[in-house]
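Quick notes on the structure that follows.
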Amino acid sequence: MSQTDTLVEAVEQVRSDAFVEVKYDEAIPNNVDLSQDKQLLRALESWHPNYLQWWQDMGPDGFQTSDVYLRTAVGVDPSGWAKFGHVKMPEYRWGILLAPKVEGRTIPCGRHKGQPAWQEVPAEYRSLLKRLIVVQGDTEPASVEQQRFLGKTAPSLYDMRNLFQVNVEEGRHLWAMVYLLVKYFGKDGREEAQALLERRSGQQDNPRILGAFNERTPDWLSFFMFTYFTDRDGKMQLAALAESGFDPLSRSCRFMLTEEAHHLFVGETGVQRTIEATCAAMKKAGITDPFDVERIRALGVVDLPLLQRKANFHMSVTRDLFGSEISSNGAEAFSAGLKGRFNEANLKGDDHQLQDATYTVTRVVDGRLVDEQVPALRAINSRLLDDYIADCQGGIDRWNKTIEKAGIDFRFRQPYKGFNRRIGEFKGHRISPEGKVISETEWQAGVGGWLPNDDDMNFIGSLMKPCVEPGKYASWIAPPARGINNQPQEFEYVKIA
Ligand code: BYC
């Protein structure tokens, strides 16, 4: 019997007999000495069956009995931390893995800078720390819920596999945060771990905590934009939490970042391949005007202006995830040493305490955009947002190169920071993608050209037909440059059952 069989059987037993001992240490890859940690084991014994139930109820719709070619994290050695093989998703081995401890690590920022990193929860910051972990944890199952129905319209088995890979790893990231909650926060932590399985993306009574995680991900273009732009918020936030003075959080996030890279790759190459298919079809049909939308759509590919509108939507809702540009919560998380800036420990020429420093934040004053110097501590969220916007540009430049090479006169642009915002300084103001404060009438006249409109969504919907023959791809997306783990083009990434 395989280890996963043992796990599934063990969990079934837990359901029927609370006193049966589960061999978690064998079934769950971990480097946290799971078998020796009785408190953690007990907490997992009650949480794990509920997690599996949540996965069945809210994880990928269908395909639960299909064999999927998945990467499983089995250790933290950079030269070989993952194994590939066909697995049924409910039997995936969601592990608890922390990056190796850095001996002598100190708190990199804030009022405790230079003191030894905490190995236990600092009592004075317990509630703020727990809130950060809960918010981080909440996004992981939320994204799985958002992507629940996409398997049914996958443009290829390769893409379907990537979707499921992202889904199981978000599941593992939930485990990572649940580990911290149940190990370090006692009864409250166990309750929060349970609540993470009870909130539901988009549900009115008990929604996910952050706005973007209650939006729909109705089609594959949304999925690729989400994995490029929203998973990149994941990268930035995990990087900021990896700087935490609370060492177990830092170590968890450092390892999560290794998996996050693949999610960003899925997003960037997904959009890239969509652009490639469009450019190739336009060239073949002799179309050079990217705004000749009707003729381009008739070719079964996505026009570039529509992709820009999709990107505008995902960029703007993701920018809201950084919280208010000026925030006392942000200041306190930094000063307490619970959350650093991007790349905190390596920022040179900086006192890492920011008592007297200032930072430029753009605000809307009397209907005008004004740059103001504000205390840098209160502008921590704004700075991370600025770093995020800079980080988004690399992939956009690569997309533009493809379009340029095809000789098409079109370039993707990031809309102005204040465009379509619901959180922070720009909330309540109408601002165009070019960065002009406009009236409600001007907004209404322009919005159909800036954000996906009904026509766009209907057209995208018409393209979302499954293509599940090994080695074949839907018309609107080009094949990838190479297979996962160097598998050949015809490889059966998902054996649909
Ligand atoms: N929607 O001072 P404020 C990822 C709330 S993504 C709704 O403005 P603060 C992933 C805020 O919670 C990364 N509510 O901001 C990606 C607060 O409420 P409470 C996730 C919002 O607190 C793809 C109030 O407004 N990780 O991993 O400094 C797939 C005032 O807050 C929103 C993290 O976010 C919003 N957009 O910063 C899978 C890291 N924004 O507490 C996974 C952990 C703010 O007063 N979280 N609010 O009730 C944090 O660092 C902070 O909680 C935030 C907010 C940056 C999110």
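The values are calculated or read from the model by the stated rules, or taken from the named source; none is laboratory data. Quick caveat: nothing in here was measured; it's all calculated off a predicted structure. We place every Cβ from the backbone using ideal geometry, glycine too, and count neighbours over all the protein chains shown.
Restrict the check to segment 311-325 and report whether at least one residue is within 16 Å of the ligand (Cβ to nearest atom) and over 22 Å from R216 (Cα atoms). Looking for residues that are within 16 Å of the ligand (Cβ to nearest atom) and over 22 Å from R216 (Cα atoms), one finds at least one in segment 311-325, hence yes. Tallying residues that are touching a residue at least 40 places away in the same chain (Cβ under 8 Å) and within 15 Å of the ligand (Cβ to nearest atom) within segment 419-433 yields 7.
Restricting attention to segment 142-151, does a residue exist that is touching a helix residue (DSSP H, G or I) at 6+ places or on another chain (Cβ under 7 Å), among the charged types (D, E, K, R) and surrounded by fewer than 20 Cβ atoms within 10 Å (Cβ to Cβ)? Yes: one or more hits. Of the residues making up segment 179-190, those that are part of a helix (DSSP H, G or I) and either more than 21 Å from the chain's Cα centre (by Cα) or surrounded by fewer than 24 Cβ atoms within 10 Å (Cβ to Cβ) (or both) are V182, K183, Y184, G186, K187, D188, G189, R190. Note on segment 268-305: residues that are crowded, with 21+ Cβ neighbours inside 10 Å and among the aromatic types (F, W, Y) total 0.
Do you know which of the residues in segment 434-454 that are under 25 Å from the mean Cα position of the chain (by Cα) and part of a loop (DSSP other than H, G, I, E, B) is farthest from the ligand (Cβ to nearest atom)?
First, the residues of segment 434-454 that are under 25 Å from the mean Cα position of the chain (by Cα): 450-453.
Checking the rest, the ones that are also part of a loop (DSSP other than H, G, I, E, B) come to 451-453.
On the way: L451: 17, P452: 20, N453: 24 Å.
Across segment 434-454, the extreme among qualifying residues is N453.
The conditions of being touching a strand residue (DSSP E or B) at 6+ places or on another chain (Cβ under 9 Å) and either in a loop (DSSP other than H, G, I, E, B) or touching a residue at least 12 places away in the same chain (Cβ under 8 Å) (or both) are met by E259. The number of residues in segment 125-169 being of a type outside the set (K, R) and closer than 17 Å to Y493 by Cβ comes to 19. Starting from segment 282-302, take each residue that is on the phi > 0 side of the Ramachandran plot and list its partners that are in a loop (DSSP other than H, G, I, E, B) and crowded, with 16+ Cβ neighbours inside 10 Å, counting only C-beta distances under 8 angstrom and pairs at least six apart or across chains. Note: pairs meeting the criteria are G300/W476.
Residues that are within 21 Å of V182 (Cα to Cα), buried (at least 22 other Cβ atoms within 10 Å of the Cβ) and more than 10 Å from the ligand (Cβ to nearest atom) occur at least once in segment 252-260. Restricting attention to segment 203-238, and to residues there that are within 8 Å of the ligand (Cβ to nearest atom) and outside any helix (DSSP H, G or I), which single residue is farthest from W399 (Cα to Cα)? Only one residue fits best here, namely I209.
Which residues, taken from segment 191-213, are of a type outside the set (S, T, Y), buried (at least 18 other Cβ atoms within 10 Å of the Cβ) and more than 13 Å from the chain's Cα centre (by Cα)? Within segment 191-213, E192, A193, L196, L197, R199, R200, R208 meet the criteria.
Number of residues in segment 96-141 that are away from the ligand (no atom under 16 Å from the Cβ), of a type in the set (A, V, I, L, M) and under 25 Å from the mean Cα position of the chain (by Cα): the value is 4.
Evaluate segment 145-152: report whether one residue or more is closer than 25 Å to F322 by Cβ, outside any loop (DSSP other than H, G, I, E, B) and either within 14 Å of the ligand (Cβ to nearest atom) or modelled with pLDDT under 95 (or both). Give the derivation first.
Going residue by residue through segment 145-152, those that are closer than 25 Å to F322 by Cβ are 145-147.
Adding the requirement that they be outside any loop (DSSP other than H, G, I, E, B) leaves 145-146.
Now restrict to residues that are either within 14 Å of the ligand (Cβ to nearest atom) or modelled with pLDDT under 95 (or both): 145-146.
Scanning segment 145-152 turns up at least one residue that is closer than 25 Å to F322 by Cβ, outside any loop (DSSP other than H, G, I, E, B) and either within 14 Å of the ligand (Cβ to nearest atom) or modelled with pLDDT under 95 (or both).
Taking (1) among the polar types (S, T, N, Q); (2) away from the ligand (no atom under 14 Å from the Cβ); (3) assigned to a loop (DSSP other than H, G, I, E, B) in turn, S244 satisfies each apart from (2). In this structure, E332 qualifies as in a helix (DSSP H, G or I) and more than 30 Å from V266 (Cβ to Cβ). Looking at the structure I just gave you, is I431 under 29 Å from the mean Cα position of the chain (by Cα), of a type outside the set (F, W, Y) and surrounded by 19 or more Cβ atoms within 10 Å (Cβ to Cβ)? In short, yes. Anything in segment 43-87 that is touching a helix residue (DSSP H, G or I) at 6+ places or on another chain (Cβ under 9 Å) and among the basic types (K, R)? List them, or say none. Correct list: R71 only.
Taking the conditions exactly as written (of a type in the set (S, T, Y), closer than 30 Å to A478 by Cβ and at pLDDT 95 or above), does T402 satisfy them or not?
Numbers: of a type in the set (S, T, Y): yes; closer than 30 Å to A478 by Cβ: yes; at pLDDT 95 or above: yes.
Yes: the conditions hold for T402.
Tallying residues that are within 30 Å of E243 (Cα to Cα), aliphatic (A, V, I, L, M) and outside any loop (DSSP other than H, G, I, E, B) within segment 285-329 yields 4.
When the residues of segment 345-377 are filtered to those that are surrounded by 21 or more Cβ atoms within 10 Å (Cβ to Cβ) and either of a type in the set (S, T, Y) or in a helix (DSSP H, G or I) (or both), the one that is farthest from the ligand (Cβ to nearest atom) is A376.
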